[in-house]
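The values are calculated or read from the model by the stated rules, or taken from the named source; none is laboratory data. As the structure is a prediction and not an experimental result, all values here were calculated from the model. Note: ideal-geometry Cβ built from the backbone for every residue, glycine included; neighbour counts use all protein chains shown.
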């Protein structure tokens with residue numbers, strides 16, 4: 001009634017509101033996001049050659065076959081937290097690398113080995129269908145492929161991000177891997193600072209960082225330093241990992 005007092009929500013109303021809120025939170029939970037990512041076939045980064053996937057994409061190989069026109073990958077580079085056996089079959093060769101998906105993991109130490117292995121595979125096998133995968137096809141595999149594209153094409157990290165995200169929009173290195181890619185870019189091209197900073201990367205969903213402050217310190221060609229001071233990033237009591 002116009003001008004009258006509004007009815008207070010009943011207990012049934014409160015229960016319904018809580019149920020709708022819980023359903024919305026569940027739909028946007030990390031688990032649901034991973035499920036949505038992994039319902040897809042493997043993603044093509046370089047046509048006819050380089051692909052990225054998560055482990056559960058192995059159950060969608062029939063879709064991958066129909067989409068890209070080949071039955072199996074010739075080479076599989078897998079990145080997991082322990083020594084492991086990939087769920088993907090490689091008809092020629094496989095390279096398992098044990099590395100976790102955590103900000104403090106040194107993925108950079110594996111970049112050169114991965115690059116050389118991918119290059120050798122392409123030169124020695126025709127046709128070469130190369131798959132790089134980790135658990136979800138987001139962080140570890142994304143960082144390795146970004147490094148490969150940056151070095152192979154002699155392009156900036158920014159250009160590599162734009163190119164790779166066109167093939168798989170879910171690629172999103174964790175903040176530690178992103179910083180390692182920034183360091184590689186500076187070393188590769190003799191720069192004092194990277195082509196893309198964490199603020200822009202976060203805005204474009206190019207890396208999984210949340211709240212932070214960025215500070216570029218004085219640098220030189222060989223002794224350059226690029227430091228990022230991170231603030232605590234808590235979302236409802238837990239650090240955001242997406």
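Scanning the stretch 164-185 for residues that are in contact (Cβ under 8 Å) with a residue 24 or more places away in the chain and more than 22 Å from residue 102 (Cα to Cα) gives a single hit, 167. Only a single criterion out of (1) part of a helix (DSSP H, G or I); (2) at pLDDT 90 or above; (3) over 17 Å from residue 44 (Cα atoms); (4) touching a helix residue (DSSP H, G or I) at 6+ places or on another chain (Cβ under 9 Å) is not satisfied by residue 187, namely (4). Being under 14 Å from residue 174 (Cα atoms) and not in a helix (DSSP H, G or I): is that true of residue 142 here? So residue 142 does not fit the description; no.
Of all positions in the stretch 6-18, at least one carries a residue that is at pLDDT below 70 and either part of a helix (DSSP H, G or I) or over 30 Å from residue 72 (Cβ atoms) (or both). Taken together, 214, 229 contain a single residue that is in a strand (DSSP E or B), under 24 Å from residue 140 (Cβ atoms) and modelled with pLDDT under 85, which is 214. When restricted to residues that are over 18 Å from residue 94 (Cβ atoms) and surrounded by fewer than 17 Cβ atoms within 10 Å (Cβ to Cβ), the stretch 114-160 contains 5. Scanning the stretch 159-196 for residues that are touching a strand residue (DSSP E or B) at 6+ places or on another chain (Cβ under 7 Å) and farther than 20 Å from residue 106 by Cα yields 164, 167, 168. Only residues that are within 18 Å of the chain's Cα centre (by Cα) and free of Cβ contacts under 8 Å to residues at least 12 places away in the same chain were counted in the stretch 100-120, giving 1. A residue that is farther than 14 Å from residue 140 by Cα and loosely packed, with under 14 Cβ neighbours inside 10 Å occurs nowhere in the stretch 93-111.
Here is a check on your reading of the model: is residue 109 out of contact with any helix residue (DSSP H, G or I) (no Cβ under 8 Å at 6 or more places or on another chain) and at pLDDT 95 or above?
Yes, satisfied.
If I filter the stretch 41-65 down to residues being at pLDDT 95 or above and surrounded by fewer than 19 Cβ atoms within 10 Å (Cβ to Cβ), which single residue comes out as farthest from the chain's Cα centre (by Cα)? Among those that are at pLDDT 95 or above and surrounded by fewer than 19 Cβ atoms within 10 Å (Cβ to Cβ), it is 48. Of all the residues in the stretch 66-99, those that are assigned to a loop (DSSP other than H, G, I, E, B) and under 21 Å from the mean Cα position of the chain (by Cα) number 9.
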